Amino acid sequence: MSVELKLKTLTPAEIAKVTGGKLEIYNDCSTETVQTGLTTNSKEAAEGLIFCAIRGSRVDGCDFIAEAALAGATCFICQRVPENARNCGRPFCAIVVEDVIRAMGTLAGWYRGFSKATFVAITGSVGKTTTKEFVAAVTSAAFKTHKTHGNLNNELGMPLTLLDLSPDDQISVIEMGMSDLGEIEYLTKLVRPDIAIVTNIGTSHLATLGTRENICRAKMEIRLGLSKNGKLLLNADEPLLYEQYETLDPKPYIMSIYNRNGDFRAVNIRQKTDGIVYDLIYDNKAVTNVEIPALGKHNVYNSLAAYAVGVMLGMSDEQIRRGLMSFVGADMRQKIYEVGGITVIDDCYNASPESMRAAIDVLVSISAKKGAQPAALLGDMLELGEYSRLMHDQLGQYAAQMQVQKLFCFGMMADIIAEAAIKKGIRAENVFVCLDTRDAQGMADMILSALKPGDVLLVKASRAVQAERIIECMKKRRQRRTGRR
């Protein structure tokens, strides 16, 4: 990925000073050569682009320094300079560091200091990206807004996001992900947010963190980077977060649906065909008929966070409402469209026990409004460790409890989901299993054979499963059948 350095240009000497790296000069290259961008891809290397030679599990970016130098690059952040690069005959400077990704983080944290934007940081087990999109939609109604692109929310992606800032950005909405303790602390200290949000505490990352309490500790690290007088917003309907609220001084802001102490509380929630309407209580007043173009109670929380940010930034209720209505969900997150007459809810981006249940709730709600049969393709949920079998069992039970009529189970844990669903009441002939995630076409054929036009199908699994392949196979099969007719 490449980014243009819009806040300020850099020089090799400057980069070495900021990162603490050793500056090495080859073939009389100037240490003051102006760099206007940065890339992590040697194929994009060019004059004026800093090439960050990242060492991965399979490929070492240092092996491509010579190639990048021949393409015109004159500045490298790397762990070593190979012999073929030293002898390539091109002038360049190398900033040699112990860890390229950490050096990029240090550089990005320093670079962020040149921005005058207000920074909003978001973390949580579920809903980070959707909340980011809601917050950005709201702030864009009044401010020039910069945000995390896609899912660049880790120790590599987030520095690239900060380096992408522009001088006229007024708000920057930054998503922070993690897999272990200490990672959010590192990210938040680079961003130094003015507003920090923790959406919820779920069960993702139990494989590494062991308990939900440890997950909560990891997520709450976000407050360690808060700027002076920075504001913290927590979900008060999550008991572990409400416990934090009760012990913190000064008190953070809290949002809720059920907790009556919420500073921003949604009440009288009504489902529409294409969205949700609710009333909002905050600051001793009621705002009626707040509308969002998204389904599911989980999106009420996501929009509440965005509304709270708008209030903290001094926006009017009308501006915030307009921003909420401009929300567009990210790819593969509850996108709804038709495939051969079947309504497909494409929610393939990722999955956890909490988001699976929320997605099933949306499926049932949409099906009821359409008078249609609810069906679901549920794939593996990853990073659950020793709790994996239990939580896939509970998922099957929940699908049956919510009266999903036809169930398609995909992945290594498919038989666990299927068995639990059958025991809980789904008829065995309406449960289909595919253990081999390479066989997307086989799963697609099962779905097309079992469903009819008018049915509603939810497709959801963890990212590694790539369940969107099944939808693509369904589309292609339908196209071929239509063509034959």
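The values are calculated or read from the model by the stated rules, or taken from the named source; none is laboratory data. Every value quoted in this text rests on a predicted model; they were computed, and no experiment measured them. Cβ placement follows ideal geometry from the backbone for every residue including glycine, while neighbour counts extend to all protein chains displayed. Ligands, DNA and RNA are stripped out before the accessible areas are found, and what is left, the full protein with its side chains, is counted by its heavy atoms. Shrake-Rupley method; radii C 1.70, N 1.55, O 1.52, S 1.80 Å.
Some values worked out for this structure:
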{"item": "Candidate residues Cys473, Cys93: accessible-area rank, largest first, probe 1.4 Å", "result": "Cys473, Cys93"}
{"item": "Charge dipole (the range 375-442, unit charges on Cβ, about Cα centre) - positive-most of Met391, Val433, Ala421", "result": "Ala421"}
{"item": "Dipole magnitude of the chain about its Cα centre (Cβ charges: Lys, Arg +1; Asp, Glu -1), debye to nearest 20", "result": "1380"}
{"item": "Structure-based [θ]222 nm, the chain - -39500 (n - 2.57) summed over DSSP H runs of at least 4, per residue, nearest 500", "result": "-11000 deg cm²/dmol"}
{"item": "Share of Cα-Cα pairs in the range 363-434 lying beyond 19 Å, as whole percent", "result": "30"}
{"item": "On Cα atoms only, tilt of 100-112 relative to the major axis of the chain in degrees", "result": "90"}
{"item": "Accessible area of the range 329-395 belonging to carbon and sulfur atoms, whole % at 1.4 Å probe", "result": "48"}
{"item": "Reference-scaled alpha-carbon Rg (2.2 N^0.38 Å with N residues) for the range 302-413", "result": "1.30"}
{"item": "Reciprocal of mean inverse Cα separation for the range 1-74 (Kirkwood radius, Å)", "result": "12.7"}
{"item": "Relative contact order of the range 139-251, defined on C-alpha pairs under 8 angstrom at six or more residues apart (%)", "result": "23"}
{"item": "Centroid-to-centroid separation of the range 199-236 and the range 388-450 [C-alpha atoms, Å]", "result": "32"}
{"item": "Histogram of C-alpha separations across the range 301-349, 5 Å bin width, %", "result": "5, 18, 19, 16, 13, 12, 10, 5, 2, 0"}
{"item": "Globularity ratio of the range 242-297, using Cα Rg and 2.2 N^0.38 Å", "result": "1.30"}
{"item": "For the range 324-381: relative contact order, % (alpha-carbon pairs under 8 angstrom, 6 or more apart)", "result": "22"}
{"item": "Gyration tensor over alpha-carbon atoms, the range 140-224, equivalent ellipsoid semi-axes in Å", "result": "26, 13, 11"}
{"item": "Projected-area average for the range 396-459 over all orientations - Cα convex hull basis, square nanometres", "result": "4.1"}
{"item": "The range 152-252, dipole about Cα centre (Lys/Arg Cβ +1, Asp/Glu Cβ -1), debye to the nearest 20", "result": "220"}
{"item": "FRET efficiency for Arg357 and Met1, using Cβ-Cβ distance with R0 set to 45 Å, rounded to 0.05", "result": "0.85"}
{"item": "The range 174-237 - Debye-derived log10 I(q)/I(0), Cα point model, q = 0.19 Å⁻¹", "result": "-0.67"}
{"item": "Debye intensity ratio in log₁₀ form over the Cα atoms of the range 229-387, taken at each q of 0.09, 0.13, 0.17, 0.19 Å⁻¹", "result": "-0.35, -0.71, -1.11, -1.27"}
{"item": "Residue-by-residue Karplus 3J(HN,Hα) for the range 379-392, coefficients 6.51, -1.76, 1.60, Hz, glycine and proline x", "result": "x, 4, 9, 9, 6, 9, x, 5, 8, 4, 4, 4, 6, 6"}
{"item": "Rounded to 10°, Cα long-axis angle of helix 440-450 versus longest principal axis of the chain", "result": "20"}
{"item": "Antiparallel DSSP beta bridges within the chain, as percent of all bridges there, nearest 5", "result": "35"}
{"item": "Rounded D (µm²/s) - the chain, Kirkwood Rh over Cα pairs, Stokes-Einstein at 20 °C, 1.002 mPa s", "result": "88"}
{"item": "Folded to 0 to 90 degrees: helix 128-139 orientation relative to the chain principal axis, Cα", "result": "80"}
{"item": "For Val433, distant residues with modelled amide H under 5 Å away", "result": "Cys409"}
{"item": "Sites matching trypsin sites (Lys or Arg not before Pro) across the range 93-186 that sit in DSSP coil, with at most 16 neighbouring C-beta atoms within 10 Å", "result": "Lys116, Lys144"}
{"item": "1.4 Å probe accessible area per residue over the range 227-374, in Å²", "result": "44"}
{"item": "Which listed pairs, of Lys189/Lys219; Lys272/Lys369; Lys6/Lys147; Lys369/Lys476; Lys219/Lys297; Lys8/Lys228, have C-alpha distances above 18 Å, in listed order", "result": "Lys369/Lys476; Lys219/Lys297; Lys8/Lys228"}
{"item": "Full-stretch length increase - Lys189, Glu98 - with 0.36 nm per residue and alpha-carbon distance subtracted", "result": "30.8 nm"}
